[in-house]
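Novice: Would you mind keeping the following structure in view while I ask a few things?
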Amino acid sequence: MNVLFVLLLVSACSAAKLRPKATTSHAWLLENGAEYSQIIFSPAKNLFFALANNRVDVISVSPGSPFVQMRFDLPLPGQMLAVHPDGELGAVAHNSYISFLSRVGLTPVVATFTVPVVGTSGLIVIDKKACLWPNYGQWTNIVCVNLEGDFESCSSSIYGGGLAFLHPSGSWVYSPETGLSPQSVHKLATNSTCMDQLWDNPGWGDYHYGNHWWFSYDGSRAFLNTGMTVATTADQNTDMQVHGYFNASTGNNPHTWISQSAQGDHQIAGLKPDTSNITLYSWPYLMPTSTIPFPVPSDPRATTPSPQQVHFADDGRLYTVGKYGQSGELWGVGYIEFN
C-alpha cells in the first residue's frame, strides 16, 4: 500500500508539472502575410523582419496590433534574409547580388552590390560584412562582402549547400553540411574579412547534426532540431561534444524551433512537429515542465494553425510566428506574457 501511495503521488506531481502555466496571449494575421517567404525576429529590437519578393518589412507589435514600422524596397527578388545581432543592419541575398539594409534616422537605405553567388543556402551579417554560402557545386567557397561592396572568396573549400548559424558571441559560425553523409559541421571564425575555418566536429560519422541550430542564453550549448544538444566552446577538445537530448531521450527527438530565456530560471520553449502546443523545458536538464497553447488570431481566416517559431525576448514575452489557412499561406505573429 505504501509503495502504491508513493507511485500515485509521483504520478500526480508529474501531471501537475505538465499543466499549462498561467499566460495571456495575443496573435494577429499579418496584413501582407501571404506575400512573405521568410520572417526573422530580432530580440535586440523586439521587431520582426519579413522578406517578400521585392521588399523587406520591419514589423512591430508594440504597443498593440502589428504595423510596418519601416519598409525596404529591393531592386531584385530576394532569396534569403539575415539580420545583424544588434538589429541595425540587414542583408538580402539575390541571384548574383547582395543588398545591405540600414537606416539614416527614419529613412531606409538599400545598397546593392554584385557578388559571385547565384544561389544561397546560408547567410550571416556580422562585423560590417555579409557572408554567403553557395547552395550549389560539389566544392565551393564562402563569399564575404563588406559595406563598400568589396568581396572576397574565403580560402577554405566547403561542400555546396552548407548552412550557417552564428554563435551568440558573434565570434564563430557553425556550418553543418547538407549534401554529404556522414554529416560534418565546420566551425569558422568571423574575426577577419572572411570566414577562417577552425576545426570540424569530433567523432566524424557518429551523429546527425540536423539542419537548424539554436543556442543557449549563455552560448554554452547548441540545441539541434534533432533534439540533441552539443557543447559550444573555444576549446577544440570540448567543442561540439554531445551533451544529451531533450526529455532525456536516447535518440532523435525532433523540434521545429527552440528558444531560451535569458531571464529568471532560463526556461526553454520548444515546438515539436507533432503538436500545436509549446513545450516548456527546465534548464539545464531539458526536462518538460509544462505546455501552453500556441496563440491563434481571432480571425476566421486563421484556420489550421501551424506553429513556426518562438522567441524569448528581454521584455519577458515569448514572441511567436505561425502560418495559418488551409494551405498555410497566411503568416501571423503574436506574443505570450507569463502571469
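One line per residue, one yes/no per condition, for (1) open to solvent by less than 10 Å² (accessible area, probe 1.4 Å); (2) more than 29 Å from Pro75 (Cα to Cα):
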| residue | (1), (2) |
| --- | --- |
| Tyr136 | no, no |
| Ile142 | yes, no |
| Phe151 | no, no |
| Gly162 | yes, no |
| Gly179 | no, yes |
| Leu188 | yes, yes |
| Gln197 | no, yes |
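Novice: Something else: Name every residue in segment 76-102 that is out of contact with any Leu (no Cβ under 8 Å at 6 or more places or on another chain) and within 13 Å of Val56 (Cα to Cα), in order of residue number.
Specialist: Scanning segment 76-102 gives Leu76, Pro77, Gln79.
Novice: Here's something else I'd like to know. Consider segment 116-134. How many of its residues are surrounded by fewer than 23 Cβ atoms within 10 Å (Cβ to Cβ) and not in a strand (DSSP E or B)?
Specialist: Total meeting the criteria: 5.
Novice: Could you tell me which residue of segment 296-308 is least open to solvent (accessible area, probe 1.4 Å), considering only residues that are over 17 Å from Pro254 (Cβ atoms) and not aliphatic (A, V, I, L, M)?
Specialist: Ranking the qualifying residues of segment 296-308, first place goes to Pro297.
Novice: If you scan segment 259-304, which residues turn out to be of a type in the set (Ser, Thr, Tyr) and farther than 19 Å from Tyr335 by Cα?
Specialist: Residues satisfying the conditions are Ser282, Tyr285, Thr289.
Residue-by-condition table, conditions (1) touching a Ser or Thr at 6+ places or on another chain (Cβ under 7 Å); (2) at pLDDT below 95; (3) within 29 Å of Ile258 (Cα to Cα); (4) of a type in the set (Lys, Arg):
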residue	(1), (2), (3), (4)
Arg55	no, no, yes, yes
Gly78	no, no, yes, no
Val92	yes, no, yes, no
Phe100	no, no, yes, no
Thr112	yes, no, no, no
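Novice: Scan segment 29-46 for residues that are of a type in the set (A, V, I, L, M) and under 16 Å from Ser65 (Cα atoms) and report the count.
Specialist: The initial filter retains those residues of segment 29-46 that are of a type in the set (A, V, I, L, M), namely 29-30, 34, 39-40, 44.
Retained after the next criterion (residues that are under 16 Å from Ser65 (Cα atoms)): 29-30.
Residues flagged as of a type in the set (A, V, I, L, M) and under 16 Å from Ser65 (Cα atoms) within segment 29-46 amount to 2.
Novice: A follow-up question, please. Quick check: is even one residue across segment 148-156 closer than 24 Å to Arg71 by Cα and more than 21 Å from the chain's Cα centre (by Cα)?
Specialist: Yes, segment 148-156 contains at least one residue that is closer than 24 Å to Arg71 by Cα and more than 21 Å from the chain's Cα centre (by Cα).
Novice: Shifting gears a bit: Restricting to segment 271-296, what's the tally of residues that are over 14 Å from Phe246 (Cβ atoms), out of contact with any helix residue (DSSP H, G or I) (no Cβ under 8 Å at 6 or more places or on another chain) and in a strand (DSSP E or B)?
Specialist: Going through segment 271-296 one residue at a time, the tally reaches 3.
Novice: Collect the residues in segment 23-67 that are closer than 19 Å to Ala302 by Cα and without any contact (Cβ under 8 Å) to a residue 40 or more places away in the chain, keeping them in residue-number order.
Specialist: Within segment 23-67, Glu31, Asn32, Glu35, Gly64, Ser65, Phe67 qualify.
Novice: Something else now. For segment 297-338, which positions are part of a strand (DSSP E or B), among the hydrophobic types (A, V, I, L, M, F, W, C) and under 23 Å from Gln260 (Cβ atoms)?
Specialist: Quick first cut of segment 297-338, residues part of a strand (DSSP E or B) only: 306-312, 318-324, 330-338.
Subset that is among the hydrophobic types (A, V, I, L, M, F, W, C): 310, 312, 318, 321, 330-331, 333, 336, 338.
The answer is Val310, Phe312, Leu318, Val321, Val333, Ile336, Phe338.
Novice: Of all residues in segment 285-295, how many are open to solvent by less than 70 Å² (accessible area, probe 1.4 Å) and farther than 20 Å from Ala262 by Cβ?
Specialist: 4
The values are calculated or read from the model by the stated rules, or taken from the named source; none is laboratory data. Just so you know, these numbers come straight off a predicted model, no measurement behind them. Cβ coordinates were reconstructed from backbone atoms using ideal geometry, including for glycine residues, and neighbour counts include every protein chain displayed. Just the protein is used for accessible areas: all its heavy atoms, side chains included, with ligands, DNA and RNA removed. Shrake-Rupley method; radii C 1.70, N 1.55, O 1.52, S 1.80 Å.
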